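This report concerns only the one structure given below.
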Number of protein chains: 2
Amino acid sequence: MQPEGCCCQREDLPWAGRGTKLDISGCRFSLYPMDSDFVSIILNALEKTDTSGVWSQSDALSTVYRGKLAYVADAVRGLFVNAFRPGVHMALEGQFSKGCPGDCDGDSLLTREGPVPNLPLVGEKHFPVQAKIALYPMGIPDYIDKIAGVWRMAEKARLNPVSIHYATRISGDVHEVFDYLEAVCRKMEAEVPHYILCFTLSVNSPTQE
Amino acid sequence: MQPEGCCCQREDLPWAGRGTKLDISGCRFSLYPMDSDFVSIILNALEKTDTSGVWSQSDALSTVYRGKLAYVADAVRGLFVNAFRPGVHMALEGQFSKGCPGDCDGDSLLTREGPVPNLPLVGEKHFPVQAKIALYPMGIPDYIDKIAGVWRMAEKARLNPVSIHYATRISGDVHEVFDYLEAVCRKMEAEVPHYILCFTLSVNSPTQE
């Protein structure tokens with residue numbers, strides 16, 4: 001185990017009341033290009049993406065960005081748009097989160113100010129995305145009400161929410177979907193002490209529905 | 001939206017106190033072979049897997065199995081082992097869940113009895129798996145204690161738990177990992193009204209750590 005690590009899935013910390021009061025959001029994600037050329041697709045996307053606004057760490061399974069929400073969300077958006085290739089089926093799985101009682105003050109970049117760096121570079125690239133999300137507001141009895149509110153947000157954003165077992169399907173332009181994910185995070189950080197927003201974005205799926 | 005759907009991410013149900021008292025567990029998952037031959041890898045694995053013990057539904061993003069936990073977990077294990085190809089990097093992402101207040105009595109297979117059908121067919125196939133998990137016990141204030149207990153279970157099972165931001169890394173033989181996931185589900189269904197266990201299993205990653 002990593003004694004220097006800190007997260008809500010750790011057992012050796014005095015959990016309750018710990019955590020951080022700093023404005024640290026994070027996103028852990030994995031990019032899955034269903035293509036034998038997956039390594040170069042991922043490396044090429046990483047190279048094009050400006051991660052100067054976030055703290056970043058990768059391992060064999062996933063990458064985590066941590067910092068202020070605006071920069072975290074912008075970096076994930078940039079990476080996904082940069083990885084897109086016409087005709088290549090690809091999925092991005094991950095979760096945005098904030099407020100874990102086991103979180104710590106480190107491993108983040110909170111000094112960044114000013115406009116986000118990636119949106120100006122990728123904002124003109126558009127493609128349709130199929131997605132599913134699942135929101136987990138932790139430690140509160142009325143979590144279902146929070147989930148319902150976020151469902152209605154998707155309806156208002158015209159992302160065509162459809163209920164499926166254990167998740168909600170949404171669909172729209174890539175930027176509409178990322179705008180929505182960030183808006184859900186903003187709403188949750190205002191309303192609950194700790195949330196996780198799990199998401200899967202898929203492009204170019206060969207499956208007809 | 002699907003008026004006939006039922007799940008915890010749905011906004012038009014009277015949530016509190018609803019749900020089902022039936023013994024319905026579920027797993028929603030996606031298989032990601034990072035190979036241009038991904039369609040045949042997935043279809044071939046589906047064909048080899050005995051899903052007679054579960055209710056199943058697939059869409060463009062994922063597949064869901066629902067029924068008694070033993071058969072749900074066995075079907076997911078069977079599919080993953082059947083999809084394994086030496087040298088092909090592949091990930092399985094999904095979540096086991098039970099107890100959603102918005103769940104319903106339908107869309108499941110609860111009549112199955114007797115031994116699980118897939119383990120006898122795949123139990124002799126062994127390969128190492130790198131994994132990450134994140135457990136979300138919903139609606140209770142002491143959820144962190146539940147997460148800590150599951151961390152210690154991984155230690156006792158010699159799966160080398162390592163804390164990372166927002167998740168726990170584990171590793172072991174594919175069957176040790178699936179045994180552990182099922183044991184966590186058993187523990188959670190005994191201890192909390194509603195849980196979600198998110199997991200990512202990865203094989204043949206080219207990333208050296």
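The values are calculated or read from the model by the stated rules, or taken from the named source; none is laboratory data. A quick note: this is a predicted structure, and the numbers were derived from the prediction, not measured. Quick reminder, even Gly has a Cβ in these numbers, built from the backbone with ideal geometry, and neighbours come from all protein chains shown. For the accessible areas, the whole protein counts, side chains as well, though only heavy atoms, and no ligand, DNA or RNA atoms are used. Shrake-Rupley method; radii C 1.70, N 1.55, O 1.52, S 1.80 Å.
Summary of values
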item: Selected from A:THR168, A:GLY139, A:CYS100, residue furthest toward positive end of dipole (region A:86-172; charges at beta carbon); result: A:THR168
item: Carbon plus sulfur fraction of accessible area for the protein assembly as shown, probe 1.4 Å, in percent; result: 52
item: Orientation-averaged projected area, Cα convex hull of region A:90-129 (nm²); result: 5.0
item: Label-point gap, in nm, between A:LYS187 and A:SER205 - each point 7 angstrom along Cα→Cβ; result: 2.2
item: Distance histogram in 10 Å bins (all Cα pairs of region B:115-158, percent per bin); result: 20, 31, 32, 16, 0
item: Charge dipole magnitude, Cβ of K and R +1, D and E -1 - region A:68-209, Cα centre, debye nearest 20; result: 280
item: Ranked order, A:LEU31, B:LEU121, A:LEU109 - accessible area, probe 1.4 Å, largest first; result: B:LEU121, A:LEU109, A:LEU31
item: Using a 7 Å Cα-to-Cβ projection, A:LYS48 label spacings across copies, nm, ascending; result: 3.6
item: Of A:LYS48/A:LYS125; A:LYS146/B:LYS68; A:LYS156/A:LYS187; A:LYS21/A:LYS146, pairs whose Cα-Cα distance is over 20 Å; result: A:LYS146/B:LYS68; A:LYS21/A:LYS146
item: Accessible surface of B:ASP142 - all protein chains present, 1.4 Å probe, nearest 10 Å²; result: 60
item: Probe 1.4 Å, accessible area per residue of region B:26-182, Å²; result: 35
item: Exposure of A:HIS126 as accessible area (Å², to 10), given a probe of 1.4 Å and all protein chains; result: 120
item: Estimated dipole of region A:128-209 in Debye, rounded to 20 [Cβ of Lys and Arg +1, of Asp and Glu -1, Cα centre]; result: 100
item: Evaluated over region A:98-209, the Cα radius of gyration and Dmax, each in Å; result: 15.7, 46
item: Candidate residues A:THR63, A:THR51: accessible-area rank, largest first, probe 1.4 Å; result: A:THR51, A:THR63
item: Label 7 Å beyond Cα on the Cβ vector: B:PRO115 copy-to-copy distances, nm; result: 6.6
item: Kirkwood hydrodynamic radius of chain B, Cα pairs, Å; result: 17.7
item: 1.4 Å probe, heavy atoms, protein only - residues of region A:30-44 losing at least 30 Å² accessible area vs chain alone; result: A:TYR32, A:MET34, A:SER36, A:PHE38
item: Three-way shape label, region B:36-140, alpha-carbon gyration tensor, a/c 1.5; result: prolate
item: Within region A:56-148: Cβ-based charge dipole about Cα centre, in debye rounded to nearest 20 (Lys, Arg +1; Asp, Glu -1); result: 320
item: Chain pair A, B: total accessible area buried, heavy atoms, 1.4 Å probe, Å²; result: 6300
item: Mean projected area (nm²) of the alpha-carbon convex hull when the protein assembly as shown is viewed from all directions; result: 18.4
